[in-house]
Amino acid sequence: MKKILSILFGVALFFSCTDQAINLEQKDAITYGVAFSTPERCELAIVGCYDAAQSGYYPGNNQRRGYPFGAATVQQGDMKGENMLNVQQFFAVTYNGDYTVASPNGQAHWECTYQMINKINIVIEGLRTAAENGVITQEKAIDGEAEVRFLRALGLHELLVFFALPYAATPNASHYGVPVSTVPINTIDKVEEAKEAGRATVEETYKQILDDLNFAEQNLAATRAGGLKISRATKGAAVALKTRVYQHMGKWTEVITESNKIVSPTAPFTSPIGAYALTATPEGPFANNKSNTESIFSIENSALDNATNNGSLSQFYFTVRSLVCVSPIIINAGFWLKDDLRRAQLLKRAEYGGINAFWSWKYRTGTVMNDWTPILRYAEVLLNYAEAEARKNGVTQKAVDLLNAVRNRAVTDHALQFTTASFANVDALMTAILQEREIEFLAEGRRWPDIHRLTYDSKYAVKSKDGKSGIPDKASWGSMKTESYNPASGVVDANIIKTAGFNFEDRRYIFPIPLSEITSNPKIAEQQNAGW
Amino acid sequence: MTAQTQVRGTVVDEAGVPIIGATIQIKGTTQGTVTNLDGNFSLVAPAEATLVVSFVGLITQEVAVAPTVNVVLMPDTELLEEIVVVGYGTQRKRDVTSSISQIRGEDLASKASPSFMQQMAGRASGVQVIAPSGDVTQPPRVIIRGVGTISSSNAPLYVINGVPVTSGNVGYSYSNNNALADINPSDIESFEILKDGAATAIYGSRAANGVVLITTKQGKQGAAKITYDSWMGWSSAAKLYDLLNAEQFVTIANEKYTNSGGNPQAKMDDKGTDTNWYDYVFRTGFQHSHTVSISGASPQTQYFMSAGYTDQKGLSINNSYNRYTFYAKAEHKFLRDYVTAGFSLNASNQVNTGPVKGTNSISDNMYASSRMLPNVAVYNPDDPTGFNIDPNDRKSLAKGANLRTIENTIPNIVWVLKNNRQKNSSYRILPTANIDIRPVSWLMFRSLVGADVNLIDDSYVWMPESGDGFGYKGLINRSSIKRQRWNFQNILSANKSFGLHNLDATAVAEWTNYVYNRFTAGARDFSDPFFVDEIISDTYVTQSSGGSVTTNGLASYIFRANYNYNSIFYIGGSVRRDGISNLHKDNRWGTFYGGSAAVRISGLDFWKNSSINDIVSDFRLRGSFAEVGNDRLSGDFMYNDIFAGQKYGDQAGIAYYQAGNPALKWEKQKILDFGFDAAFLHNRFNLVFAYWQKDNSDIVLDVPTPPSLGIPWNVIAQNYGKINNNGIELELGGNIIQNKGLIWKTAFNFSTQQSKVVTLVNDIPYEHYILREGESMNALWGYRYAGVNMKNGNPMYYKKDGSIIQGNIANTKYYVYNPSDPADLSKASNLVQDDKEILGNSLPTWFGGWDNTVTLKNFDFNIFFRFSGGNKIANVTRRDMLDQGFTNSSTEILGRWQSESNPGDGNVPKLYYGRGGFINLTGEGSSRWIESGDFLKLQNLSVGYNFPKGLCSQLWVEKVRIYVQGQNLATFTKYSGLDPEGYTVVPGVDWNGNPQQRTFLIGLNIGF
């Protein structure tokens, strides 16, 4: 008996050791199977999609740098254009057009956006399952789905702008768009299956974007409590994004239709949905970026969760890290009037490297980095509307009113304000609207999307030096002096224009599909952008 | 009556140490004498007689009578029970049938380096030890017989006194912590490096990268002994880059601007300031080490205790390593010697500081110091900091007389190194306790518990006045990390002989578990720079915290049996069953096995009776095969599909974080090894030869998924791919000269290794290397450079079809190169990925070492060479130092193309401000930077002097030795970088790495 007991003891000791040694539970993460098992987790997972929009991981070092929407969309959009000026060589890749298939900026933009999209697809499925299982209500599931589908549309459109030729490049937009996936992918089998899809056409991509936005519009609430009104998707945000999307498609009637949903018939323009209105001064949406009437959708940043000092706008666009200043090309532009309040409120002069340069003052928190990143503002909706109105109906009072709504809060001298009589023809009005966009959205990353969408516009395309649609030549920091700035003079010193732009036929016009995609996806390897 | 001769002589062992009490007998008589304390003897013998010199454990020698007779007695391996430590036990060296390299602790302890690991380089065949730089806190990379895996760890398993321990770099943020540098080299008795399957199979799922067994010292029979070992040395950079001086910099910087249509920006100041920044960033580091030990043993009890301290200042002015160690081991036999209880404890404290490292980080000491403007001074008494910092741009170095500040806001690196701090302190204890029960002489049961507890306090402090801390208004990040491992082993072993049949068997049950915890606190936006030193409540605005936890474990059941017939025929094998926590429950258990066989041909009668025995005194053929595993995956729960916490601003969230693969298994490795061991001239020389082959399959690979599918991190770990490695090893050693008080002992080893990626999912490209089927591991890869277009200074490249294109610097576009009209830019072309080619093998294909010790009377001389080659290196630092921004450059840039009549060296294109990315293809590999990695290194040169016994006894000590030593004295190589072994990203990619140390030291060993 004693012997048996001691053997049993020995055996028990052995098994308890094995259990303690190897039957271990993961404590730092929730397994997929229970990620949607409570209403709270469903909500957390929705927030997780916004996080993916705000701060994806940079390839190579897995640090957060604000890809795609936390900061990168602004920086890349500005650096492809000519109005913001790259100061530091290590950040010059996009500005100079030196990128290759292996350049981290394009790679991160692509990868982080798709990281977000798959998270969204996973959440959509998770919410639907949770509703079926009675964890959350059907309404809650649909509301959550609408929120993340707004983000998916935003992401797909961003990809189109950087990685595909514009809508108008082929008659039916039948050229390559971007891969579109709406199913969650989390296993090897699903990866193998999804690999077969390849790139959708631009038309198909836009179709998905509009599907998502229509769903979002129908199902999202008009407003939310506190700052969530701006940092989370709303019905108004979905409509506002549609005005932008239709604008890129050149569908002006639809731009007007959508705009009318959120723009009152007469000035002062306000929105029946979400009560959006321009702030009294141009700096309103920036000075008070977490709470104002004009911001329709912004990406939330906080002191502890932001694009970090390796990405945040308040560090990059000012002399905290001095990476990007405002170019004399726009500072000196004659169309940007000297007394325009945006010069006083949204620019700052500060010396760097012996040059007293102009810097954007839209992102003001310096080392704290918690400015929210503007994605959609009411001012954009009004200018989108103004452009569509002008293109459709010519020099109308409505078009001029919409333009003036944005312009006159900055140009307060009545003598300098526009009336219909200011425009000899629609081209003059269109020029004014497009120039107004350059001023109003300076340092918000809208310049490249505008250059891109206008590429095939016979009248209003931005031109490179050779006269073809493209990216104009830019200023070079290395040739700059303080005197290069001569605000509103209408003259830019030719000696500082040393960074060559290129036309739309150059392979660099759009980013190449990154090498990481090409090497792992044979189908897309055959669908690389031309010249790469 | 024959003539009598007065004979005087000395008897020493193979190491030249005098043998006390050796017997000298006149052959055929009973007359003779014994040697005294100095190994000397004298006697009178007939002139024609023969002397028989003998000592227990050594081979008896006969010598003819002469006035002076000096005898070296060699160890008798047949008699001497020389022991080799193997997994879970020991074996007689003579009966080991597997590939095990042994290194004596004393061979490494006297050398100046933070850990013993650096000194292992070149001392054992098949073992590659590469120190990536001279940073005294950085662990070297140890590779045993090739690289067989991609995403998992390549490091061997380290086992100290039977207990597996944490190894590698356990520093958390910016400072390194070499876990194995916690062990004082002076406390180590021996290293056994298990290389082939027969030796490693007993470690089953942990065996694939080889196993290093470390045995610490224990007391030796006799009265208490006290020793004091010490050295002090001075280390300086073996080599630094040649940078432009101030005048050259001004010329080059302005040429960059004028070529691009800009205005000159660089100027000499009135004082003619010409700063060599390396003089301020690097130094001669003083290093010293002290160990005191007390040890002894009676038949029942043995004990060994030691305390050690070392302080090593590195080359970079803020790089240092301090270690305090305490080691104790005691064992006592009781209950009529049936039972032995043993205890050991290794306790240590390591304090490390160092620069920020990051190939591309502007505060990296190498990146920054190589770019600092030479026409700008380091200090400026007018600046509040006393350093020369730009008054407007507080991040950057001041501009001096230049019109602009340095490119990319690079900070004054001397300010950075003297103010910012990256530091960690670790506290480590390695306790073991065992009880051995030996009911009969051939059977033993041992129960062993061991632990490895490592506590790290890791911090970085960035001051707000400039540099990286400026963007945070001061930053502290402090992490507390706890690593705990426990291990419990029960071993039953039997060892019995039946006549000439010898049998041993071992059964083991072992469990081990590891838990990792980290807690981090951070602070930013300090109210006053005064407080930016420690985290003090209410002195800062933004606070953060974070942490993580993970765990893993292993349960193992092991059986091993060996049989030999009269030490002539051998056969043995082992089998191990492992349960691995890192794998899903359903496929957690695996079986691993190995077997070996050998025959000692020299033990057969025909050989023993033949005269060949006088030449080849031992000859044994051996072979082994094993199938083992690698369970060291890059994560502990890679089978789980998980959501992890993610924040969106101030909103809490979770997000899909890892696509788990429940089917994941351990990596498989099949190892084949065969070779022979031979000894010559009565064991005076020995030779070991082995051929090995390792086939790794089911490699745990982070298989890249198309990024457009959005799988987290764009990978799913899968068992995918196959890598084959093979090589030969040769070790040859012995006493070349052993007479007249002069002994020359030599040891030479040579190894080859070839690796080949046999199957892989698809190309996995990196900036400078690629994983590709059919190529070697991490093959260097990039565009083929075709030199400079002598007409216009444009860089040129080969397309895949062999045609040449030029990259036009002016508009950054590519054009077909027309040799008959080099200026022709009419036909557009492009560089595309397809044009890239494999540019070389990044891993050495041959390496080895040659060690020589000459003992002459009381002097000993040592010279040790190492060599390695067959590989190429991507010298990316060169590319960085040809940058086209406003920074300093290497002198290579002086060879640039200036004009058709002054076209330079044909390698460096025309300068053009801001076009570095295009001119040098930043971000992509290029043959322009590929260089041969072959080298021969004079690693060690030393002279020692042993005080004569007589003098020692007058000084009341037993033994005194003093020595002087030089390390890393010369490197013979065509490689133009700092050191052919230096690397940063992966071996073979040298990108802003720190220089290697060259050390001179004096040492002292005293035994009381």
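The values are calculated or read from the model by the stated rules, or taken from the named source; none is laboratory data. The structure presented is a predicted model; accordingly, all values stated were derived computationally and were not measured. Here the Cβ positions follow ideal geometry from the backbone for every residue, glycine too, while neighbour counts run over all protein chains shown. What goes into the accessible areas is simple: the full protein's heavy atoms, side chains included, and nothing from ligands, DNA or RNA. Shrake-Rupley method; radii C 1.70, N 1.55, O 1.52, S 1.80 Å.
Please find, among B:A679, B:A663, B:A644, the residue that is in contact with a His (Cβ under 9 Å, 6 or more places away or on another chain) and small (G, A, S).
Being in contact with a His (Cβ under 9 Å, 6 or more places away or on another chain) and small (G, A, S) holds for just one of B:A679, B:A663, B:A644, which is B:A663.
Regarding B:S708, is this residue in a strand (DSSP E or B) and either among the small types (G, A, S) or modelled with pLDDT under 95 (or both)? Full working, then the answer.
On the way: in a strand (DSSP E or B): no; either among the small types (G, A, S) or modelled with pLDDT under 95 (or both): yes.
Criteria not met by B:S708.
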So how many residues does the stretch A:401-422 have that are surrounded by 21 or more Cβ atoms within 10 Å (Cβ to Cβ) and either of a type in the set (A, V, I, L, M, F, W, C) or without any contact (Cβ under 8 Å) to a residue 24 or more places away in the chain (or both)? 6
Matching residues, the stretch B:434-459, being touching a Ser or Thr at 6+ places or on another chain (Cβ under 8 Å), more than 15 Å from B:A179 (Cβ to Cβ) and open to solvent by less than 30 Å² (accessible area, probe 1.4 Å): B:N434, B:D436, B:L448, B:G450, B:S459
Tell me, yes or no, whether the stretch A:452-462 has at least one residue that is more than 9 Å from chain B (Cβ to nearest Cβ), open to solvent by 40 Å² or more (accessible area, probe 1.4 Å) and under 30 Å from A:N408 (Cβ atoms). yes
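Quick check on the stretch B:326-378: of everything there that is more than 16 Å from B:G219 (Cα to Cα) and of a type in the set (F, W, Y), which residue is least open to solvent (accessible area, probe 1.4 Å)?
From the stretch B:326-378, those more than 16 Å from B:G219 (Cα to Cα) are B:334-339, B:347-378; that's our starting set.
After this cut, where a residue has to be of a type in the set (F, W, Y) as well, the list is B:334, B:338, B:367.
Values: B:F334: 71, B:Y338: 118, B:Y367: 16 Å².
The residue in question is B:Y367.
Does B:D586 qualify as being among the acidic types (D, E) and either without any contact (Cβ under 8 Å) to a residue 60 or more places away in the chain or more than 14 Å from chain A (Cβ to nearest Cβ) (or both)?
Answer is no for this residue.
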Among (1) open to solvent by 30 Å² or more (accessible area, probe 1.4 Å); (2) free of Cβ contacts under 8 Å to residues at least 40 places away in the same chain; (3) farther than 30 Å from B:Y472 by Cα - the single one A:G250 does not satisfy: (2)
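If you go through the stretch B:25-39 one residue at a time, how many are free of Cβ contacts under 8 Å to residues at least 40 places away in the same chain and open to solvent by less than 80 Å² (accessible area, probe 1.4 Å)?
Filtering the stretch B:25-39 down to residues free of Cβ contacts under 8 Å to residues at least 40 places away in the same chain leaves B:25-36, B:39.
Still in the running and open to solvent by less than 80 Å² (accessible area, probe 1.4 Å): B:25-26, B:29, B:32-33, B:35-36, B:39.
Count: 8.
Of all residues in the stretch B:376-400, which are away from every other protein chain (no Cβ under 13 Å) and either assigned to a loop (DSSP other than H, G, I, E, B) or among the hydroxyl-bearing types (S, T, Y) (or both)? Before the answer, list the steps.
From the stretch B:376-400, those away from every other protein chain (no Cβ under 13 Å) are B:376-389; that's our starting set.
Matches in the stretch B:376-400: B:V376, B:A377, B:V378, B:Y379, B:N380, B:P381, B:D382, B:D383, B:P384, B:T385, B:G386, B:N388.
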Is it true that B:S567 is in a strand (DSSP E or B), in contact with a helix residue (DSSP H, G or I) (Cβ under 8 Å, 6 or more places away or on another chain) and among the polar types (S, T, N, Q)? no
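So which strands (runs of 3 or more DSSP E) stay within the stretch B:1-115 end to end and still have 3 or more residues that are of a type in the set (S, T, N, Q)?
So the answer is B:4-13.
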Out of all the residues in the stretch B:809-838, which are away from chain A (no Cβ under 14 Å), part of a strand (DSSP E or B) and within 25 Å of B:G916 (Cβ to Cβ)? B:V816, B:E837
Count - residues of the stretch B:895-906 that are in a strand (DSSP E or B) and within 11 Å of B:N789 (Cα to Cα): 1
Cβ-Cβ below 7 Å, separation at least six or inter-chain, first residue in the stretch B:246-262 and within 14 Å of chain A (Cβ to nearest Cβ), second of a type in the set (A, V, I, L, M) and buried (at least 19 other Cβ atoms within 10 Å of the Cβ): which pairs? B:A253/B:A266; B:N254/B:A266; B:E255/B:L911; B:K256/B:L911; B:N259/B:L911
Collect the residues in the stretch A:125-141 that are open to solvent by less than 10 Å² (accessible area, probe 1.4 Å) and more than 10 Å from chain B (Cβ to nearest Cβ), keeping them in residue-number order. A:L127, A:A130, A:A141
Quick one: which of A:T519, A:T482, A:T499 is under 27 Å from A:S312 (Cα atoms), within 13 Å of chain B (Cβ to nearest Cβ) and surrounded by fewer than 22 Cβ atoms within 10 Å (Cβ to Cβ)? A:T482
Answer residue from the stretch B:590-643, given it is within 14 Å of chain A (Cβ to nearest Cβ) and without any contact (Cβ under 8 Å) to a residue 40 or more places away in the chain and is farthest from B:G675 (Cα to Cα) among those: B:F643
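Looking at the stretch B:234-248, is at least one residue part of a strand (DSSP E or B) and of a type in the set (F, W, Y)? Let's see the steps before the verdict.
So in the stretch B:234-248, the residues part of a strand (DSSP E or B) come out as B:234-237, B:243.
With the extra rule that they be of a type in the set (F, W, Y), the set shrinks to B:234.
For the stretch B:234-248, residues part of a strand (DSSP E or B) and of a type in the set (F, W, Y): present.
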Test A:K465 against the stated conditions and say whether it is modelled with pLDDT under 95, more than 9 Å from chain B (Cβ to nearest Cβ) and either under 29 Å from the mean Cα position of the chain (by Cα) or within 28 Å of A:P104 (Cα to Cα) (or both). yes
Number of the condition not met by B:N696 [criteria: (1) open to solvent by less than 60 Å² (accessible area, probe 1.4 Å); (2) within 10 Å of chain A (Cβ to nearest Cβ)]: (2)
Out of (1) without any contact (Cβ under 8 Å) to a residue 40 or more places away in the chain; (2) touching a strand residue (DSSP E or B) at 6+ places or on another chain (Cβ under 6 Å); (3) open to solvent by 30 Å² or more (accessible area, probe 1.4 Å), what's the single condition that is false for B:T542? (3)
Meets criteria (surrounded by fewer than 24 Cβ atoms within 10 Å (Cβ to Cβ), within 9 Å of another protein chain (Cβ to nearest Cβ) and at pLDDT below 90) for A:T18: yes
So B:Y158 fits all but one of (1) free of Cβ contacts under 8 Å to residues at least 60 places away in the same chain; (2) aromatic (F, W, Y); (3) surrounded by 23 or more Cβ atoms within 10 Å (Cβ to Cβ); what number is the exception? (3)
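Say whether the condition of being within 7 Å of chain B (Cβ to nearest Cβ), touching a residue at least 40 places away in the same chain (Cβ under 8 Å), assigned to a loop (DSSP other than H, G, I, E, B) and open to solvent by 10 Å² or more (accessible area, probe 1.4 Å) is met by at least one residue in the stretch A:81-89. Show your work before the answer.
Pass one, the stretch A:81-89, residues within 7 Å of chain B (Cβ to nearest Cβ): A:88-89.
Remaining after also requiring touching a residue at least 40 places away in the same chain (Cβ under 8 Å): A:88.
Next, from what is left, pick out any that are assigned to a loop (DSSP other than H, G, I, E, B): A:88.
Going one step further and asking which of them are open to solvent by 10 Å² or more (accessible area, probe 1.4 Å), we end up with none.
The answer is no, given that none of the residues of the stretch A:81-89 is within 7 Å of chain B (Cβ to nearest Cβ), touching a residue at least 40 places away in the same chain (Cβ under 8 Å), assigned to a loop (DSSP other than H, G, I, E, B) and open to solvent by 10 Å² or more (accessible area, probe 1.4 Å).
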Scan the stretch A:195-215 and give yes if some residue there is open to solvent by 30 Å² or more (accessible area, probe 1.4 Å), at pLDDT below 95 and either over 30 Å from B:M638 (Cβ atoms) or of a type in the set (A, V, I, L, M, F, W, C) (or both), otherwise no. yes
Condition (residue is open to solvent by less than 10 Å² (accessible area, probe 1.4 Å), outside any helix (DSSP H, G or I), among the aliphatic types (A, V, I, L, M) and touching a residue at least 40 places away in the same chain (Cβ under 8 Å)) applied to the stretch A:142-164: is it met by at least one residue? yes
